[in-house]
Amino acid sequence: MKSITKQKTTEEIQQGLKGLDRVFVVGCGTCTTMTKTGGIDQVEEIKGRLQQMGKRVTGSTVIPTACDDMTELSLKENEQFIRSADCILSLACALGVHRMSLSLGKPVIPGVDTLFIGVEETPGFFREACAQCGQCILGETAGICPITACHKGLVNGPCGGTNNGRCEVDKEKDCAWTLIYNRLNAQGRLELMHRYQPPRNHHVALKPRAVKIV
Amino acid sequence: MVSRFKEALNSGKFVITSEVAPPKGTNLDKMRHHIDILKDKVDAINVTDHQSSVMRFPSLGGCLAIKEKGGEAILQMTCRDRNRMALEADLLFAHSRGIGNVLCLTGDAVPVGDHKEAKGVFDLDSLQLLKTIRQMAAGQDLGGNKLEGVIEFCAGAIVTPEARPIEPQLIKFEKKVEAGAEFFQTQAIYDLENFARFMEYARKLKTKILAGIVLLSSARMAKYMTENVPGIFVPQNLIDELAATPKDKVLAKGIEIAGRTIATLKKAAICQGVHIMAIGKEEVVPDILAAAGL
């Protein structure tokens, strides 16, 4: 499981850094390194771009895993360079931004957009696999999640937009319910597709979701 | 109060429905004109609900315009733009204003329309909407609360006999019947042999099927729909027939094809009726009916 990100455009980054001239850049050694959006190479690359924008880069680091509790320590090690900056530009995902915002009190500006939690299906190809809805029905849908893989998140079968096993929003995208049908059929469990699925409970846990594991 | 449309469905007659599309804006003249043309020619008129995810005057407003003219309306309701509370509230309102029929649809995806950045809701799906109508008719909302005054609708849904693959579609079709769909209006059908096969299957289920008739206005349109519209397949012989027709007679040819399709369906008692979609050429619906001998 990885947090999948895409780098913001130069214009968007420039907009985010409006009025913030001295910048400390932070990348992440885990997800954004793997997606090549915030690893060592991308941190170096963006430093050059920031200088072209007329920004002053006070320093940079790549935190091993920006979302965990070691982040505070990594930032502490760079405290003098961060203190002299107006902000941190984050090339970690939103979870990293969240974590970085908890220490040193400097504004943290995201340099990437966090898209989804996904898996790498083939090298370099990431797909959303779980929407973390809190009511898993994968056991009834042959391990293919209709909440995630169906554009409309339908739980009772395909819509009328399915076409030769493809989705109406993208001819390259498989129709989730055709895949589910095929796999249930192969498993001899098609009766599961005949089962009525009631409306989803969107408040399994109230937002923002939190859980204490003891 | 049983709706006039439901009475027609239960009468055993060959039922005819058609549809009007509300405008983008507040000028209702064209829609009202189409209602005038259709209201005495068909058993009920559907009003589309932001069809193809293009924002328009609401279906509910179109249905009221039909009521005002003494016509029978079928409220199309998609699950794309409203959560369950908004859908329930609209059902209460529609019932209070004498609208007696609802067609339950999931709705096209938002990105195919003209508000590509809007949020697609899909809090319910078409099946769950059908169940909601039954639950509210029995006096209870989806929160489990008692209603003061219940709703009553003749509720229907859609099915795509040309869907490929057909099997997943048929499972959903069966689930819709079980959820209480009293009638189905199908996606456009042109291949009558395939449709007859579908009807052999559908006849086993207790519901009424109105075959979808979409007017073909050119060979290009027929080819485009076959290649691009999910669930529509126009056989090559019909495309050839249109292509061989001089340009100024091609609309008449489309009317003739629609008419003879309807006549065949009726004569062979293949299904219980038809739903005619003229898509912008509502003026010719009476001509289609005349061509069908109706």
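How big is the gap, in Å, between the Cα center of the stretch A:8-70 and the Cα center of the stretch B:229-294?
Between the Cα centre of the stretch A:8-70 and that of the stretch B:229-294, the gap is 61 Å.
On a C-alpha basis, how far is the centre of the stretch A:185-202 from the centre of the stretch B:24-84 in Å? Whole number, if you could?
Each part's Cα centre sits 34 Å from the other's.
Under the rule of -39500 (n - 2.57) per DSSP H run of 4 or more residues, summed and divided by the residues of chain A, what mean residue ellipticity at 222 nm is obtained, to the nearest 500 deg cm²/dmol?
Rounded to the nearest 500, it is -7000 deg cm²/dmol.
Charges only on Cβ, +1 for Lys and Arg, -1 for Asp and Glu: so what's the dipole of the stretch A:2-115 about the Cα centre, in debye to the nearest 20?
That gives the stretch A:2-115 a dipole magnitude of about 200 debye.
Give the long-range amide H neighbours of B:Ile151: residues separated by 5 or more places, or on another chain, with amide H under 5 Å away, using H modelled in the peptide plane at 1.01 Å from N.
Amide H to amide H, under 5 Å and 5 or more residues apart or across chains, B:Ile151 pairs with B:Ala137, B:Gly139.
One quarter of the convex hull surface, Cα atoms only: what value does that give for chain B in nm²?
The orientation-averaged projected area of the Cα hull of chain B comes to 15.0 nm².
When the C-alpha atoms of chain A are aligned to their principal axes, what extent does each axis show, in angstrom, from largest down?
64, 43, 28
How large is ³J(HN,Hα) for each residue in the stretch B:244-258, as worked out from phi by the Karplus curve 6.51 cos²θ - 1.76 cosθ + 1.60 (θ = phi - 60°), to whole Hz, x for Gly and Pro?
7, 8, x, 3, 6, 10, 6, 5, 4, 5, x, 5, 4, 4, 4
With the cut-off at 1.5 for a/c, could you classify the stretch B:95-201 from its C-alpha gyration tensor as rounded, prolate or oblate?
Oblate.
Please list, ordered by chain and number, the residues whose modelled amide H lies under 5 Å from the amide H of B:Val15; skip anything fewer than 5 residues away on the same chain.
Here the answer is B:Gly273, B:Val274, since their amide H atoms fall under 5 Å of that of B:Val15.
Would you work out the charge dipole size for the protein assembly as shown about its Cα centre, treating the Cβ of every Lys and Arg as +1 and the Cβ of every Asp and Glu as -1, and quote it to the nearest 20 debye?
360
Can you sort B:Asp248, A:Asp113, B:Asp49 so the residue with the fewest Cβ neighbours within 10 Å comes first?
B:Asp248, A:Asp113, B:Asp49
If the reach is capped at under 18 angstrom between alpha carbons, list the lysines near A:Lys47, excluding any in the same chain fewer than eight residues apart.
A:Lys6, A:Lys8, A:Lys18, A:Lys36, A:Lys55
Need the list of lysines near B:Lys175 for cross-linking: C-alpha distance under 24 angstrom, and skip anything on the same chain fewer than eight residues off.
In chain and number order, the partners are A:Lys152, B:Lys6, B:Lys131, B:Lys204, B:Lys206, B:Lys208.
Give me a comma-separated list of calculated 3J(HN,Hα) values for the stretch A:155-164, in order, Karplus coefficients 6.51, -1.76, 1.60 applied at θ = phi - 60°, integers in Hz, x for any Gly or Pro.
Ordered by residue, 3J(HN,Hα) equals 10, 10, x, x, 8, x, x, 6, 9, 6 Hz.
Suppose every Lys and Arg Cβ carries +1 and every Asp and Glu Cβ carries -1, with no other charges. What dipole size does the stretch B:137-294 come out with about its Cα centre, to the nearest 20 debye?
The calculation lands at about 260 debye.
Not counting the cut sites, what is the longest span of chain B without GluC sites (Glu not before Pro) that DSSP labels loop and that have at most 12 other Cβ atoms within 10 Å?
B:149-294
Here is the link list: A:Lys106/A:Lys207; B:Lys24/B:Lys172; A:Lys207/B:Lys24; A:Lys2/A:Lys212. Which ones come out longer than 29 Å on Cα distance?
B:Lys24/B:Lys172; A:Lys207/B:Lys24
If you build a Gaussian network model of chain A, linking Cα atoms that sit under 10 Å apart, which residue out of A:Phe24, A:Phe81, A:Phe125 swings the most?
A:Phe125
The numbers here are math on the coordinates, done by the rules we state, and not lab data. Since the model is a prediction, treat every value here as computed from it, not as a measurement. Cβ atoms come from the backbone with ideal geometry, glycine included; neighbour counts cover every protein chain shown.
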